[in-house]
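What follows is one structure encoded as structure tokens, with my remarks underneath.
The values are calculated or read from the model by the stated rules, or taken from the named source; none is laboratory data. Model, not experiment: these values are computed from the prediction. Note that each Cβ is placed from the backbone with ideal geometry, even for glycine, and that neighbours are counted across all protein chains shown.
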Amino acid sequence: MASSHSVQAVVLRVMDYREFDLIVTLFTPRAGKLSALARGAKKSKKRGLNVLQPFALLEVALSSSPRSRMLALESADLVRPLRRLAEDPLLLGFAGHHVEIVNAFTREMEHVPGAWELLVASLEDLDRGRPKPGRLRVFELLALDLFGFRPNLESCTACGREATGGGWMDPRSGGYVCPRCAARHPAPFRAGAGTLGLLRAVCKLGTESLDRVSFTKKSLVESREMLPRFVEYTLGSELRSLRYVRALGGDKAPSRGRSLGSARPQRPR
């Protein structure tokens, strides 16, 4: 016997399936990432399935059956229209950046506390207008933190000394490298004391940092060079949405720095 339930969800991805169907990847508050089959969604506007667009915040009805391994998406209702995202290419690119990171970091049916709140708060904040400078960096750092890959900002990853001043950041070591250790083992990204303090504040404030944290010009430049590479190194792939944002002039392309190799960190258990 089939069972059904309703849940709020953000659409992460929509893929064509067969002639008239769609496979929709959803992100939900409690179950994390889910894939569901929307039968006939391409040929009919019934049951609200015409609202299945990336970044949409929806109330969806899902059903499961012993005869199928995939959930069925029975209906979808728009909870809040994010109109500015649809009208502004740059805001659309920022939203794509957030959704790409969440989709890449999460596994099916994996609940990560705080991830739903971060994604929804970020999308709603974007829909209110042009983001503050450093907005992408805030999301990148908070995502790394939530999904278990927060860079070490407190002490040197080589010798353990407290990070009382500026230094360097290295994705391979997992974070801060003090000047003494960096002289022996060069790290690719410079990070001043102000930048390190700002990044610690972002982690402490969580989603509140979307409004409360302001980047200095130096911190903005240093974090642009650093945080995208931490995300890409952890994922083992380039953020495609970031290329789109940079093409629109919304974010300066970071230097690739020195080669970081191909080894990837493992998520803590």
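Just one residue in the set 223, 237, 173 is part of a loop (DSSP other than H, G, I, E, B), under 19 Å from the mean Cα position of the chain (by Cα) and not hydrophobic (A, V, I, L, M, F, W, C); that residue is 237. The single condition from (1) touching a Gly at 6+ places or on another chain (Cβ under 7 Å); (2) under 30 Å from residue 78 (Cβ atoms); (3) modelled with pLDDT of 95 or more that residue 169 fails is (2).
When residue 197 is tested against the conditions (1) in a helix (DSSP H, G or I); (2) more than 30 Å from residue 84 (Cα to Cα); (3) in contact (Cβ under 8 Å) with a residue 24 or more places away in the chain, the lone failure is (3).
Note on the range 52-169: enclosed helices (runs of 4 or more DSSP H) holding 1 or more residues that are within 18 Å of residue 197 (Cα to Cα) are 135-146. Among 66, 29, which is the only one that is surrounded by fewer than 17 Cβ atoms within 10 Å (Cβ to Cβ) and either under 30 Å from residue 133 (Cα atoms) or in the same structural domain as residue 145 (by TED's automatic domain parsing) (or both)? So the residue among 66, 29 that is surrounded by fewer than 17 Cβ atoms within 10 Å (Cβ to Cβ) and either under 30 Å from residue 133 (Cα atoms) or in the same structural domain as residue 145 (by TED's automatic domain parsing) (or both) is 29. In a residue-by-residue description of the range 229-242, the property of being surrounded by fewer than 18 Cβ atoms within 10 Å (Cβ to Cβ), in the same structural domain as residue 122 (by TED's automatic domain parsing), under 18 Å from residue 147 (Cβ atoms) and of a type in the set (A, V, I, L, M, F, W, C) applies to at least one position.
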